[in-house]
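Here's the structure, in structure tokens; my notes come after.
Quick note: the coordinates plus some simple rules give every number you see, no bench work behind them. Since we're looking at a predicted model, the values are computed, not measured. Virtual Cβ from ideal backbone geometry, glycine too; neighbours counted across all protein chains shown.
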Amino acid sequence: MLVDYHMHLRGPDDDGGTRRYSVDRAEEYVAEARAAGIDEIGFSDHVCYFRQTREIWEIPWLAERCSDNLDEYVDAVVEAKRRGLPVKLGLEVDYFPGTERELAALLDPYPWDYLLGSVHFVDGFPVDQQPGLTDKLPPAEAWRRYFVWLRNAARSGLFDSLSHPDLVKIFGVRATDEETHYLHVETADAIEAAGVCVEVSAAGLHKPVGELYPDRALLELCRERGAPITLASDAHRPEHVGRDVERAAKLAREVGYETVTVFDRRERRQEPLG
Ligand SMILES: [Zn+2]
Ligand SMILES: [Zn+2]
């Protein structure tokens with residue numbers, strides 16, 4: 001089975017400002033998924049785009065983007081499920097220490113199939129925008145702090161899978177091999193202890209780094225510890241659904257994974273990775 005559990009239903013900002021959280025739009029994603037050989041997709045729009053979360057964010061960049069209605073998004077995906085489309089209701093949730101309780105209370109009433117945990121900001125600096133964390137700090141320190149936050153996201157218990165787990169490499173800035181090794185081991189240990197899944201994402205192939213997330217070495221350590229995986233394209237438009245997910249699955253198979261995780265209402269099970 002091949003799944004793609006990370007994509008954004010929200011129309012791009014250049015789309016005349018219209019948000020298209022609709023079943024029709026979901027159907028466009030499903031059609032692309034079928035063409036790409038993907039059996040099931042999961043939507044995971046950004047939590048920070050929903051006005052219901054505005055009070056939570058201290059970072060202006062996030063607070064300024066809270067314009068959409070979370071109910072509209074959830075209703076569209078729930079209706080798509082009701083019509084029998086092979087879709088799941090997820091959300092990509094920014095992790096900030098101190099927001100755990102508020103976030104959990106806000107998200108609790110909705111029928112999520114899974115929640116992705118993402119670290120896009122560390123100590124106020126963006127990870128995947130420039131200038132950002134790796135411009136502000138030397139590589140080793142940027143990497144160290146990023147992984148501290150990721151481990152705390154794992155431990156928070158809020159999330160079912162960790163998105164693009166080594167996003168800090170996005171611009172090709174790296175800590176040394178030795179520093180990276182210890183960060184990988186500590187992170188894999190935290191993932192194992194938390195019982196959370198790790199996402200294998202093709203998104204990095206289309207960023208300056210030009211690689212899958214995570215590094216093979218980190219994925220190997222996760223495999224050794226029995227951490228399950230989810231698969232992801234991180235598509236922001238229908239034509240990118242499933243893009244290079246087969247390459248992500250290939251890496252997973254190469255390090256020994258034989259199954260992929262499928263979620264229903266936050267219960268997970270393993271299906272043969274195919
Ligand atoms: Zn992300
Ligand atoms: Zn995303």
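Once the other residues with Cβ under 13 Å from the Cβ of Ala249 are scored (Lys, Arg +1; Asp, Glu -1), what is the net sum? Intermediate results must be reported in sequence, preceding the final value.
Working: positive: Arg243, Arg247, Lys250, Arg253; negative: Asp4, Asp39, Glu199, Asp244, Glu246, Glu254, Glu258, Glu271.
Spelling it out: positives minus negatives among the neighbours equals -4.
Could you tell me the extents of the chain's C-alpha atoms along the three principal axes, largest first, rounded to whole Å?
For the chain, the Cα spread along each principal axis is 50, 42, 32 Å.
Can you give the convex hull volume of the alpha carbon atoms of region 184-274 per residue, in Å³?
Details: hull volume 9.5 nm³, N = 91.
Here the figure is 104 Å³ per residue.
Out of all Cα-Cα pairs in region 121-222, roughly what percent, to the nearest whole number, are more than 18 Å apart?
Values: 2199 of 5151 pairs.
Summing the P(r) of region 121-222 above 18 Å gives 43 percent of all pairs.
List the residues whose amide H sits under 5 Å from the amide H of Val122, counting only those 5 or more places along or on another chain, with H placed 1.01 Å from N in the peptide plane.
Residues meeting the criterion, in which the H sits 1.01 Å from N, are Val127.
Pairwise over distinct Cα atoms, reciprocal of the mean inverse distance: report the Kirkwood radius of region 54-106 in Å, one decimal place.
Final number for the Kirkwood radius of region 54-106 is 13.0 Å.
Order of 244-250, 40-46, 94-100 by packing, highest average Cβ count within 10 Å first?
40-46, 244-250, 94-100
Stick to the Cα atoms of region 89-141, pair each with every other, and give me the Kirkwood hydrodynamic radius in Å at one decimal.
12.8
How much mean residue ellipticity at 222 nm does the chain get from its helices, if each DSSP H run of length 4 or more adds -39500 (n - 2.57) and you divide by all residues, to the nearest 500 deg cm²/dmol?
So the calculated ellipticity at 222 nm is -10500 deg cm²/dmol.
Output wanted: per-residue J couplings in Hz (rounded whole) for region 53-62, from phi through Karplus 6.51 cos²θ - 1.76 cosθ + 1.60, θ = phi - 60°, x for Gly and Pro.
9, 4, 5, 7, 8, 8, 7, x, 3, 6
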